[in-house]
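These notes concern the structure reproduced below.
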Amino acid sequence: MTVRFTRRRAITVLAAAAGLPLLMKAGRTDAQVLRWQGTSLGADASIQLYHNDRAKAQAAVDAGLAELERLENMFSLYRPDSTISVLNREGKVANAPDEFIELVAYSREAADKTGGWFDPTVHPVFQAYFRHFTAPVVDPAGPSADTLARALALVDWRGIQVDSARRTVAFARPGMGLTLNSTGQGYISDRVAAVLRSHGFRNMLVDMGELRAMSTRPDGSAWRVGIADPADPARAITEIDVVDKAVATSGGYGTIFDADGHFTHLIDPFSGRTAPRLAGVTVVAETAAKANALSTPLTLAPRAQRQAMLSAFGGVKAIFVTPEGVQETLEA
């Protein structure tokens, strides 16, 4: 039985020192850095905040972490009492928090714009793979066709019912399930960055599973971001410069269900098949939520649909990589 859960779709920004997700050259600046590392929605997370007042910076980070905790209580599949866990268990949640309704509505919009290649109701299929590969006896061929067919019958983003006025979210059919990881990590990065910004800080990297680079480095230069090699995620296959943008990466290597790497966590919502292990997509956008929402479907949709998908969102850039290097770059 082999299930390699990193709970991180990809390593977008590679470590320069002490495991910190940053590639930087030393610049002349008086700013100091306050660093935090932890997890967000089960993924590795970090904050790097540049400051000239340690106490003020610590207060800002504490406020950002309070926001992270508040949002985890809505979106985390690991917490049985979270809003999303209640929804998945009971099929309906009442008095839903504003942020939960906002993110579910945004996820429905992203599904519409991608023609369903992004589908947050794919959770039952993921669960089918998880149960199969964590069973005492595992068939290396994967879940049976009947098992996948039953799970796929529950996948349809149009079955998410959102009533903002009554503050309810519900499923159209029993057994449906929702995951917000493919928008939630970016959404949390945006929210935490906004909290830090509200405390008067400009230069920061916030990574709650997807990266939000605010402004520039303290010396005025761009942030240097490394895009991981799918065959060796600890190594950057290429680098990009980012100023006041967000970066999200998806790759099958983030979670591998079997020893041979034939089954990954990125699931085609139409067929139930999984994305290749040795391919990755990095999206650069103005918000981490948008970059996050696009990176997963771009790993799954046919190449002929990529440009239209990017154009539906606008203001984005996508970089497609394999172990051989950059295969394609598209912008809209």
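A short reminder: the numbers here are calculations on the coordinates, not readings from a lab. Since this is a predicted model, take the numbers as computed values, not measurements. Every residue, glycine as well, gets a Cβ built from its backbone with ideal geometry; the counts of neighbours run over all protein chains shown.
The figures follow:
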{"read-out": "Sorted by Cβ neighbour density within 10 Å, fewest at the top, the residues D156, D229, D163", "value": "D163, D156, D229"}
{"read-out": "Whole-Hz couplings from phi, Karplus 6.51/-1.76/1.60, listed for the range 38-48; x for Gly and Pro", "value": "x, 9, 9, 6, x, 9, 4, 9, 7, 10, 10"}
{"read-out": "Taking V155, V33, V243, V225 and counting other C-beta atoms within 10 Å, the order from fewest to most", "value": "V243, V33, V155, V225"}
{"read-out": "Environment charge at A94 (Cβ cut-off 15 Å; Lys +1, Arg +1, Asp -1, Glu -1)", "value": "0"}
{"read-out": "Footprinting exposure proxy for I256, I188 (fewest neighbouring C-beta atoms within 10 Å first)", "value": "I256, I188"}
{"read-out": "With Cα atoms, 0 to 90° folded angle of helix 123-133 axis to the chain main axis", "value": "80 degrees"}
{"read-out": "Test item: Cα-centred dipole of the chain, Lys/Arg +1 and Asp/Glu -1 on Cβ, debye", "value": "180 debye"}
{"read-out": "Charge tally in the Cβ shell below 11 Å around Q37, where Lys, Arg are +1 and Asp, Glu are -1, Q37 excluded", "value": "-1"}
{"read-out": "Degrees between helix 288-300 axis and first principal axis of the chain (Cα, 0 to 90, nearest 10)", "value": "50 degrees"}
{"read-out": "Farthest positive-ward along the range 83-171 dipole, Cα basis, beta-carbon charges - from G91, V104, V125", "value": "G91"}
{"read-out": "T255 long-range amide H proximity, modeled H, under 5 Å", "value": "H265"}
{"read-out": "Residue-by-residue Karplus 3J(HN,Hα) for the range 275-280, coefficients 6.51, -1.76, 1.60, Hz, glycine and proline x", "value": "6, x, 6, 9, 9, x"}
{"read-out": "Three principal axis lengths of the chain [C-alpha, angstrom, descending]", "value": "62, 50, 41"}
{"read-out": "Long-range amide H partners of T39 with built H, under 5 Å", "value": "A45"}
{"read-out": "Cα-based Kirkwood hydrodynamic radius, the range 83-171, one decimal, Å", "value": "14.4 Å"}
{"read-out": "Note, ³J(HN,Hα) from phi for the range 107-121, Karplus 6.51, -1.76, 1.60, rounded to Hz, x at Gly and Pro", "value": "5, 4, 4, 5, 4, 5, 5, 9, x, x, 5, 9, 9, x, 8"}
{"read-out": "Centroid-to-centroid separation of the range 47-86 and the range 242-317 [C-alpha atoms, Å]", "value": "25 Å"}
{"read-out": "Loop-located chymotrypsin sites (Phe, Trp or Tyr not before Pro) in the range 87-184, at most 10 other Cβ atoms within 10 Å (DSSP)", "value": "none"}
{"read-out": "Assigned charges on the beta-carbon of Lys, Arg, Asp, Glu; the range 83-171 dipole about Cα centre (debye)", "value": "180 debye"}
{"read-out": "Local electrostatic count at T322 - Lys and Arg +1, Asp and Glu -1, tallied over other residues with Cβ under 14 Å", "value": "-1"}
{"read-out": "Over the chain: helical MRE at 222 nm, DSSP H runs n ≥ 4 each giving -39500 (n - 2.57), nearest 500", "value": "-10000 deg cm²/dmol"}
